[in-house]
Amino acid sequence: MAVQKLTIAKALNDSLRKALETDPKVLIMGEDVGKLGGVFRITDGLQKDFGEERVIDTPLAESGIVGTAIGLALRGYRPVVEIQFDGFVFPAYDQIVTQLAKMHARSLGKIKMPVVIRIPYAGGIGAVEHHSESPETLFAHVPGLKVVSPSNASDAYWMLQQAILSDDPVIFFEPKRRYWDKGEVDVEAIPDALHGSRVAREGTDITLAAYGPMVKVCLEAAAAAAEEGKSVEVVDLRSMSPIDFDGLQASVERTRRLVVVHEAPVFLGVGSEIAARITERCFYHLEAPVLRVGGFHAPYPPARLEDEYLPGLDRVLDAVDRSLAY
Amino acid sequence: MTVESTAARKPRRSSGTKRAAGAAGARKTAAATAQPHDAEPQLVQLLTPEGERVEVADNPDIAEFAPFVADITTDDLRDLYRDMVLTRRFDGEATALQRQGELGLWASLLGQEAAQIGSGRALRDDDYVFPTYREHGVAWCRGVDPTNLLGMFRGVNHGGWDPKINNFHLYTIVIGSQTLHATGYAMGVAKDGADSAVIAYFGDGASSQGDVAEAFTFSAVYNSPVVFFCQNNQWAISEPTERQMRVPLYQRAQGFGFPGVRVDGNDVLACLAVTRWALERARRGEGPTLVEAFTYRMGAHTTSDDPTKYRRDEETAAWEAKDPILRLKAHLLATDGADEAFFEQLEVESETLGKRVREVVRAMPDPDTMAIFENVYADGHALVDEERAQFAAYLASFEGGE
Ligand SMILES: Cc1ncc(C[n+]2csc(CCOP(=O)(O)OP(=O)(O)O)c2C)c(N)n1
């Protein structure tokens, strides 16, 4: 009974429902989140059951959405904001970076900013411009924000509730191409810590670190490598700010090799930070330099090229081979 | 709008609302009452839904605009009709191609042909257009080959035409951004002492964006020669105009210090007249104008959208009776402006266009993989060069190997 098989989309929907039920101060805000239930239906049925005072269709204005969410948080509410697609968060970037992120520090800790910003992100759905981007680094770089991304239904369910419970602003990146992937959710479990990493597959020869949509690719790569006799460990980072370096270090100390995989451009990306830190922490354990697989220093390409652009099985396995060749 | 807005005027609280904390929940907030939205809004109309010409004597409010189409001949009317029919045909073909998997997405202009052809045909060649993503009819008027519009919806490029050839900028998907580009371009036109004008297209939803308010501010204070042409098609995906504004949109211009006009967006003649009027003001150095073309999106927002989740069939049916193409057809028939041969020939022309669109789209090649690295910079960039070389070597490692 407690364990259900849900898509990530349904797990998120259930999670929001639970949050609305548990705390009357929780609000959902965004474009089309009401009657339509959001363009991905993540808020499906919530306005019907909780009313327009709790599930709020907003004007088409992202700066307005985040700016008013800040005001509502100042008044004691806990807004959960939906940005329709990754590329449309930028009109709100000013509010997020100059206001939301700094309010707690500026008020000497007197003001809390329990705002969650949900963003369906990353590629692989054949969309037009601005619907496939991975801007997580731009948020992880900003002190005061926390940045997470679930890769499976259970994490989707639990991490979203934990994010809503957090008194810090959390940028919650949802891997949109995995929305329809199913997984088991134990709604009575004691969840992992929001910012801890998780070993998604154990291995001994090399560690693959990923988050969000790339975890599945890495698990497939690990399975393929196993057929060639290579034992690949996969770490699901889950959080990009903070990053669980202790967990990752423990894995790398076991395997002595690390490849970081993400869709976002490699240059100055989350992988760059991980490569630097893990090199500092594990210099004497490493048998090879930390390698990164990810997007290029180029705009996200038109849909017909995204399969080439996105890291797939082959590119991940190529990096595994290069690492093992050292 | 009528049904929706009466319902919204009496805020009712559902059971869920009661759970909202105390006093805040007791006052209307999210369910704010809508301004009684004009059931029959005041608008500039020159051709009734039945296809009859409105005379100035019947409606003195149109006196200012009617002269701007005084020169329009029956031949011109047939041309406008042809533009609308072919645009609709192209649009319908694109929708069908999306259903067949040839396009990833399509944003249909069905129902908005008059607003686009009327305004598009008001433009001079040296005017400059900043569209959003649904302006296929305006593109048609600018002479952009319609098949060029399909590349970005097929996923082979992010644009597909050279904006400078037809003075028709690339489609802009981020809502409202282009209104500022139009304003800046218009500021440049004024600095150059040129007498051309600039037009920016956007939707009713877009009017909520800060960028649009900033465009209004800049264009007002710099008295820029720009026409803001808002197609109020009543919906921003699932959100009705009541979710964007409390006063009729065109009235907003006044607060920024320039005129706003609401025109019947399903009346091609009125759209032509009002846009010409606004462009003339711009050319004369009288600054910006906001034109609100009151119209309706007959189809889904895009092919990914399901309008049955949020709007009523009765509403759509009511707008069907105001169809821009049928209206002009009725007028042409009643005035002997066109004969059967004209309509038959246009049908043949439509078929030919449809066939060409299908053929071109199906033959559209996927881009070369290395195109990912092209045009990232105008002057080149060492990192891009390095990544391009690495990726080429990686791809080459598959050839011959396995
Ligand atoms: C900044 C931004 N936010 C959200 C979106 C997603 N989106 C695309 S179209 C649209 C509705 C636009 O409505 P409106 O401006 O009325 O134009 P219409 O499509 O009705 O012509 C939304 C929310 C976007 N493209 N850009």
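Highest average first, the peptides B:46-57, A:265-276, A:55-66 ordered by how many other beta carbon atoms sit within 10 Å of their residues are A:55-66, A:265-276, B:46-57. For residue B:326 and residue B:306, the FRET efficiency from 1/(1 + (r/R0)^6), where r spans their Cβ atoms and R0 equals 25 Å, is about 0.40. Cross-link reach is defined here as a Cα-Cα straight distance under 24 Å, omitting same-chain residues fewer than 8 places apart; for residue A:110 the lysines meeting it are A:25, A:102, A:146.
With a cut-off of 14 Å between beta carbons, the residues surrounding residue B:126 carry a summed charge of 0, where Lys and Arg count +1 and Asp and Glu -1. Its residue count N fixes a reference of 2.2 N^0.38 Å for the protein assembly as shown, and the Cα radius of gyration divided by that reference is 1.03. Counting charges near residue A:93 (Lys, Arg +1; Asp, Glu -1) among other residues having Cβ under 12 Å from its Cβ returns a value of -3.
Have a look at B:85, B:384, B:138 and tell me which one the Gaussian network model of chain B (Cα, springs below 10 Å) gives the largest fluctuation. Maximum fluctuation in the GNM of chain B, among the listed residues, is at B:384. Can you grab the distance from the C-alpha centre of segment A:256-271 to the C-alpha centre of segment A:49-117, Å, no decimals? So the separation of the two Cα centres works out to 29 Å. Other residues lying with their Cβ under 12 Å from the Cβ of residue B:277 contribute a combined charge of +1, Lys and Arg counting +1, Asp and Glu -1.
You can think of it this way: the chain between residue A:325 and residue A:223 has 34.8 nm of extra reach, that is 0.36 nm per residue less the Cα-Cα gap. With 0.36 nm allotted per residue and the present C-alpha distance subtracted, the residue B:280-residue B:52 stretch has 79.4 nm of extension available.
Give B:329/B:355; A:10/A:216; A:35/A:112; B:309/B:329; A:35/A:216 a once-over and call out the pairs whose C-alpha atoms are over 22 Å from each other. Where the Cα-Cα span goes over 22 Å, the pairs concerned are B:329/B:355; A:35/A:112; B:309/B:329; A:35/A:216.
Since every read-out is calculated from the coordinates, none of them should be taken as a lab result. All values derive from a computational prediction rather than experimental measurement. In this analysis, Cβ positions are derived from the backbone assuming ideal geometry, glycine residues included, and neighbour counts consider all displayed protein chains.
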